[in-house]
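Remarks on the structure that follows.
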Amino acid sequence: MEPFTVLTAIAAPMPEPNIDTDMIIRIERLRDLEPHQLGPYAFENRRYRPDGSETPDFVLNREPYRRARIILAGPNFACGSSREAAVWALRGFGVRSVIAPSFGPIFVNNCYQNGLLPVVLPEAAVRALIEEVEAAAGRAEVTVDLRECTVIAPSGGRWRFEIDALRREALLKGLDDVALTLSREAEIAAHEARDRAARAWLYPATATG
Amino acid sequence: MRPGRSLFDKIWDAHVVAELGGGHSLMHVTRHLMHDGDGVPLQRLTARGLKVRSPELTFATLDHTVSTEPGRTPATASAFAARLALIRARAAAAGIRLFDIGEPGQGIVHVIGPELGLSLPGSLIVCGDSHTCTHGGLGAVAFGIGASEVLHVLATQCLVQRKPRRMRVRFEGRRAAGVTAKDMILHLIGRIGAAGGVGYAVEFAGAAVRALQIEERLTLCNLSIEMGAKIGLVAPDETTFEYLAGRPYAPAGAAWEAALRYWRGLPSDEDAVFDREVEIDAGAIAPQITWGTSPEQVVAVDQRVPDPAAEPDPARRQAIEAALDYMGLQPGAPIAGTPVDWVFIGSCANSRISDLRAAAAVARGRRVAEGVHAWVVPGSEAVKRQAEAEGLDRVFKDAGFEWREPGCSMCLAMNGDRVPRGQRSVSTTNRNFVGRQGPGARTHLASPAMAAAAAISGRIADVRRL
């Protein structure tokens with residue numbers, strides 16, 4: 001997994017609440033495409049008209065937001081379906097961090113598995129960032145510093161953000177959960193043996209019917 | 001003195017393998033349910049040279065991509081033939097029991113888990129689907145995960161998770177006639193919002209929840225994720241035990257007695273503390289219907305859609321305007337009377353036998369309105385067979401509904417079952433998102449009885465007045 005340390009980049013405002021993962025990537029795309037092919041289909045329903053031409057006023061179709069690597073989002077960003085393809089599509093577009101007042105809970109875990117940093121800031125802070133970015137017609141860059149757990153506005157304004165130490169460490173080093181957990185097999189086996197003894201009814205051998 | 005523990009704490013704590021610091025734990029998974037969307041993690045597992053650690057705790061079925069066309073064959077949904085072949089082959093190689101098309105056990109993964117007795121009180125259930133919270137209706141901690149987490153569970157039978165905070169929602173009082181579990185949960189989402197449950201595991205309690213049958217509790221928990229809560233659950237009780245007794249994978253004999261003793265200790269202690277409490281008067285809830293593109297955009301069927309001019313917050317005003325525009329509705333108009341093109345009765349929210357009975361009770365002896373396409377998609381092969389044994393398929397067909405084969409179908413429109421662009425559907429599903437039932441489709445969420453009433457009336461109608 002690609003490590004995440006400090007990112008300074010164009011930030012695209014998407015302040016509407018409840019942008020769901022269906023909106024980020026349509027379900028049909030999961031059928032035919034590989035995870036690394038999804039970038040062009042991120043926000044497909046917003047980016048393109050039914051005839052395939054671009055919707056000119058959609059933020060990610062406008063300069064300089066076409067080059068955005070940060071999204072400044074509204075509350076409950078990426079709510080809904082658990083499809084990890086939402087993260088793959090954002091990564092494919094080039095996004096490395098989303099800053100929002102809140103996130104869909106499954107999306108957050110999916111981000112951590114793919115080197116995308118979800119940053120929770122108060123709604124007022126996200127709005128202040130959006131105002132600054134829009135005042136500069138998008139050309140003022142925002143910095144997300146995971147080492148310092150700080151978001152830095154173009155004007156130099158700073159907001160601290162909270163992130164669990166475990167997740168921060170994994171993102172900074174690009175660590176993979178699976179390898180770490182595999183190294184704990186002895187603990188897992190011991191837990192399972194205890195649980196099988198205490199709750200044998202929970203471990204089916206075969207169906208009775 | 002040890003503080004009281006909640007139902008959620010008791011189940012969560014029993015599955016902690018190790019504390020990892022920073023509020024995270026390594027959690028043991030006691031049931032892993034899979035579906036035909038899980039091809040990517042299975043492929044990646046193999047590519048990494050890893051094996052399925054606990055196939056005996058892993059169960060699979062086919063639901064997302066299968067055809068629901070009457071008389072379907074393996075060739076009916078040929079676009080997905082490769083996907084189905086992949087999961088069949090990989091499941092067989094790994095020793096995972098897969099419930100295939102045509103056999104009892106096949107169906108929507110959140111219908112078959114409870115139905116087979118795979119989903120048990122006190123277990124920790126995961127599945128690569130956000131509506132896994134459904135299984136909480138039996139008193140389990142159940143939540144949806146992404147593809148990387150699915151791979152993690154396959155390889156280790158564990159997951160790295162942060163323990164959520166606890167919320168309790170108490171529905172007190174008694175539901176009025178015509179008001180279902182679907183109306184209760186939609187009303188709650190309307191009240192606390194689509195992000196109201198973010199960061200929480202939600203226990204549903206109170207007299208009106210105790211009074212619910214298990215299938216109704218599954219519906220209630222199914223929409224937990226629609227208020228941002230990954231986990232929703234109801235304490236197991238005699239209703240739960242009666243439901244589970246004798247199911248194929250439920251414990252039997254001495255194991256059943258041991259399970260019962262354990263399960264009776266699961267309900268939250270009297271002095272359990274919750275981080276947030278919400279109380280709702282169930283008696284004040286009317287049948288609900290969504291008007292917008294988020295489940296929080298919901299009203300009682302006798303109310304009007306909102307007027308964005310009354311919303312002071314600009315981002316929210318814009319969201320209301322965009323939703324009304326997409327849905328083709330006028331600000332401030334009554335929701336009842338809106339003409340519909342489609343009715344879809346199905347999905348992991350509402351496709352169980354009690355849902356079909358409720359819809360059939362409305363449809364019996366009536367006709368689907370001219371020009372309305374009305375589908376009934378049973379949640380599983382077992383539901384389908386039971387409904388046919390009761391003659392419900394005839395009731396639906398005589399009324400002009402199409403009776404189809406079990407699967408997810410038009411809820412997420414992955415298999416090609418879709419509502420055409422610009423057309424309006426009343427659906428018993430859980431998501432009214434933009435494009436969810438097909439690009440440009442307009443979805444109104446409601447209970448099965450309300451959906452059947454819309455099919456008969458040709459417009460959004462109050463089932464209590466039919």
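The values are calculated or read from the model by the stated rules, or taken from the named source; none is laboratory data. Because the structure is a prediction, the values reported are computed rather than measured. Every residue, glycine among them, receives a Cβ derived from its backbone with ideal geometry; neighbour counts consider all protein chains shown.
Here are the numbers for this structure:
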quantity	calculated
Residue match in the range B:109-122 (condition: outside any helix (DSSP H, G or I) and either more than 24 Å from the chain's Cα centre (by Cα) or under 19 Å from B:G346 (Cα atoms) (or both))	no
Members of the range B:25-49 found to be surrounded by fewer than 18 Cβ atoms within 10 Å (Cβ to Cβ) and at the interface with another protein chain (Cβ under 9 Å from one of its Cβ atoms), listed by number	B:R48
Wholly enclosed strands (runs of 3 or more DSSP E) of the range B:252-302 bearing at least 1 residues of a type in the set (K, R)	B:276-281
Subset of the range B:437-466 (residues that are assigned to a loop (DSSP other than H, G, I, E, B), touching a strand residue (DSSP E or B) at 6+ places or on another chain (Cβ under 7 Å) and either more than 21 Å from B:L218 (Cβ to Cβ) or of a type in the set (S, T, Y) (or both))	B:Q437, B:A441, B:G458, B:I460
Residues being under 21 Å from B:G440 (Cβ atoms) and either in a helix (DSSP H, G or I) or at the interface with another protein chain (Cβ under 7 Å from one of its Cβ atoms) (or both) - total across the range A:1-27	9
Any chance A:A86 is under 14 Å from the mean Cα position of the chain (by Cα), crowded, with 18+ Cβ neighbours inside 10 Å, free of Cβ contacts under 8 Å to residues at least 60 places away in the same chain and within 27 Å of B:E296 (Cα to Cα)	no
Residue among B:R48, B:R5, B:R31 that is of a type in the set (K, R) and closer than 29 Å to B:G105 by Cβ	B:R31
Test result for B:R174, surrounded by fewer than 24 Cβ atoms within 10 Å (Cβ to Cβ) and either outside the structural domain of B:A94 (by TED's automatic domain parsing) or in contact with a His (Cβ under 8 Å, 6 or more places away or on another chain) (or both)	no
Any chance A:Y41 is free of Cβ contacts under 8 Å to residues at least 24 places away in the same chain and of a type outside the set (V, I, T)	no
Total residues in the range A:103-158, condition part of a strand (DSSP E or B), more than 14 Å from chain B (Cβ to nearest Cβ) and either of a type in the set (V, I, T) or within 19 Å of the chain's Cα centre (by Cα) (or both)	9
Which numbered condition B:L138 misses (of (1) buried (at least 24 other Cβ atoms within 10 Å of the Cβ); (2) over 16 Å from B:S224 (Cβ atoms); (3) more than 10 Å from chain A (Cβ to nearest Cβ))	(2)
Residue identified as within 11 Å of chain A (Cβ to nearest Cβ), in contact with a helix residue (DSSP H, G or I) (Cβ under 9 Å, 6 or more places away or on another chain) and touching a residue at least 60 places away in the same chain (Cβ under 8 Å) among B:V17, B:V66, B:V52	B:V17
Any hit, the range B:358-369, residues being under 18 Å from the mean Cα position of the chain (by Cα), hydrophobic (A, V, I, L, M, F, W, C) and not in a loop (DSSP other than H, G, I, E, B)	yes
Of the criteria (1) more than 10 Å from chain A (Cβ to nearest Cβ); (2) of a type outside the set (G, A, S); (3) surrounded by fewer than 24 Cβ atoms within 10 Å (Cβ to Cβ), which one B:H444 fails	(3)
Single condition A:I70 does not satisfy, out of (1) surrounded by 24 or more Cβ atoms within 10 Å (Cβ to Cβ); (2) of a type in the set (V, I, T); (3) within 12 Å of another protein chain (Cβ to nearest Cβ)	(3)
When residues of the range B:414-441 are limited to those that are among the basic types (K, R) and within 16 Å of the chain's Cα centre (by Cα), the one surrounded by the most Cβ atoms within 10 Å (Cβ to Cβ)	B:R436
Enumeration of residues in the range B:310-360 that are under 23 Å from B:V111 (Cα atoms) and among the hydroxyl-bearing types (S, T, Y)	B:S347, B:S351, B:S354
Lone qualifier among A:G104, A:G74 - being closer than 28 Å to B:E311 by Cα and out of contact with any Cys (no Cβ under 6 Å at 6 or more places or on another chain)	A:G74
Number of the exception - A:R47 against (1) surrounded by 18 or more Cβ atoms within 10 Å (Cβ to Cβ); (2) touching a Phe, Trp or Tyr at 6+ places or on another chain (Cβ under 7 Å); (3) over 23 Å from A:C149 (Cβ atoms)	(1)
Which listed residue is under 30 Å from B:G39 (Cα atoms), of a type in the set (D, E, K, R) and touching a strand residue (DSSP E or B) at 6+ places or on another chain (Cβ under 7 Å), from A:R69, A:R26, A:R91	A:R69
Filter pass, A:E34 being surrounded by fewer than 13 Cβ atoms within 10 Å (Cβ to Cβ) and closer than 18 Å to A:S82 by Cα	yes
Verdict on B:S380 being within 22 Å of B:N222 (Cα to Cα) and either at pLDDT 95 or above or within 14 Å of another protein chain (Cβ to nearest Cβ) (or both)	yes
Which listed residue is closer than 11 Å to B:T30 by Cα and surrounded by fewer than 24 Cβ atoms within 10 Å (Cβ to Cβ), from B:G102, B:G117, B:G122	B:G122
All positions within the range B:84-96 that are on the phi < 0 side of the Ramachandran plot and surrounded by fewer than 21 Cβ atoms within 10 Å (Cβ to Cβ)	B:L84, B:A85, B:L86, B:R88, B:A89, B:A92, B:A93, B:A94
Odd one out for B:A235, checked against (1) outside any loop (DSSP other than H, G, I, E, B); (2) away from chain A (no Cβ under 14 Å)	(1)
Of all residues making up the range B:238-251, the number that are in a loop (DSSP other than H, G, I, E, B) and either surrounded by fewer than 17 Cβ atoms within 10 Å (Cβ to Cβ) or not hydrophobic (A, V, I, L, M, F, W, C) (or both)	6
Selection within the range A:159-169 - touching a Pro at 6+ places or on another chain (Cβ under 9 Å) and within 13 Å of another protein chain (Cβ to nearest Cβ)	A:I163
Failed item, numbered, when B:A75 is tested on (1) within 13 Å of chain A (Cβ to nearest Cβ); (2) modelled with pLDDT under 95	(1)
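Listed here are the residues, each with its yes/no results for (1) modelled with pLDDT under 95; (2) of a type in the set (V, I, T); (3) within 28 Å of B:T134 (Cα to Cα); (4) not assigned by TED's automatic domain parsing to the domain that holds B:G435.
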{"position": "B:A319", "(1), (2), (3), (4)": "yes, no, no, no"}
{"position": "B:P339", "(1), (2), (3), (4)": "no, no, no, no"}
{"position": "B:F344", "(1), (2), (3), (4)": "no, no, yes, no"}
{"position": "B:S354", "(1), (2), (3), (4)": "no, no, yes, no"}
